[in-house]
Amino acid sequence: MIIRWQSAVGFGAAVAASLIGATSMPKATTDVQVGTDPQQLSVVGLPCLPGTLNLTMTNTGGEDRYADLTLTPTGPLQLSRELFSSWLPAVDPDQPVSAPVEVRVPRDAQPGNYKITLEVDRSRLTVPVQVNPLPPKGPGDNLVLGEQAAASSTHGNFALCGAVDGDHDSEHWDTLTGWNDGTRAVFPDNYDVALSQPATINRVELYTLDSVKYPAATNGLRDWDVQVRTGTADWQTVAQVRGNTLGHVTSAFDPVQADAVRILWLAGNGNTYSRIVELEVYGS
Ligand SMILES: [Ca+2]
């Protein structure tokens with residue numbers, strides 16, 4: 001679902017200092033190399049599936065300088081920043097300075113090819129961004145994929161949206177594809193996902209942490225309630241799990257009309273953090 005390209009691309013910007021008035025200034029050549037990882041991006045109009053670009057600026061010249069990297073998106077692209085400014089000391093070997101930018105599109109964005117133009121001085125780099133159609137959310141489809149999540153807390157190294165990103169493989173557990181709460185050994189915790197529209201649901205698939213390195217019996221969730229919100233502000237418990245030691249647990253329940261689903265965590269194995277690799281919700 002999330003595609004990452006590993007290589008970075010760069011371009012050089014050589015700029016000679018201009019002469020001001022009649023005073024001749026020493027000729028200074030600056031050179032800032034700009035890169036992004038990945039080199040291109042695919043995004044979809046779901047609130048919890050933003051694309052992320054890692055921006056880098058590298059001073060390849062011989063003098064310290066300050067640089068402004070501007071980002072200009074086209075079409076429906078929304079960026080978490082449109083400016084990346086940094087002091088760039090001239091060091092040997094060259095030392096890149098990096099910053100992330102999140103790329104989002106609204107749910108009704110027109111699928112197609114767009115771009116982000118990066119500029120430093122007079123040099124430009126174009127990052128192609130493909131906006132893909134929304135994934136199907138009909139019968140048999142995971143209704144919470146990429147939808148808006150909320151949680152009682154989230155560990156600073158982890159992403160709130162990691163548990164609805166489409167990857168439920170515990171061997172991929174890391175700061176990107178898993179949600180980890182921020183209050184160790186303190187319960188209850190909750191993780192909520194809002195459906196894009198009210199739907200009749202009858203099954204939740206929950207993947208807690210269960211990898212070779214971190215088995216569920218010592219690192220996964222033990223006790224929790226599955227709750228649904230039914231049009232009012234009240235949460236209604238539709239299933240309970242107790243004493244779990246498995247990585248993947250299916251909770252089936254009578255069909256119920258819901259506009260959000262909550263996992264209410266009551267205890268973890270090893271009395272540690274609440275950890276979800278993926279939460280999936282299905283209708284009949
Ligand atoms: Ca995940």
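For the reader, a short list of remarks on this structure follows.
- Exactly one residue out of VAL193, VAL144 is crowded, with 22+ Cβ neighbours inside 10 Å and in a strand (DSSP E or B), and it is VAL193.
- Residue count for the range 248-265 satisfying the condition of being at pLDDT 95 or above and within 21 Å of ALA159 (Cα to Cα): 6.
- Looking only at the range 172-188, and only at residues there that are among the aromatic types (Phe, Trp, Tyr) and more than 8 Å from the ligand (Cβ to nearest atom), the one that is surrounded by the most Cβ atoms within 10 Å (Cβ to Cβ): TRP173
- Set GLY162, GLY156, GLY138: member being within 13 Å of the ligand (Cβ to nearest atom) and of a type outside the set (S, T, N, Q): GLY162
- Leading residue by the ranking (surrounded by the most Cβ atoms within 10 Å (Cβ to Cβ)) among those in the range 147-171 that are in a loop (DSSP other than H, G, I, E, B) and in contact (Cβ under 8 Å) with a residue 40 or more places away in the chain: ASP165
The values are calculated or read from the model by the stated rules, or taken from the named source; none is laboratory data. From a predicted model like this one, the values you see are computed outputs, not experimental measurements. FYI the Cβ positions are ideal-geometry reconstructions off the backbone, even for glycines, and counts take in every protein chain you see.
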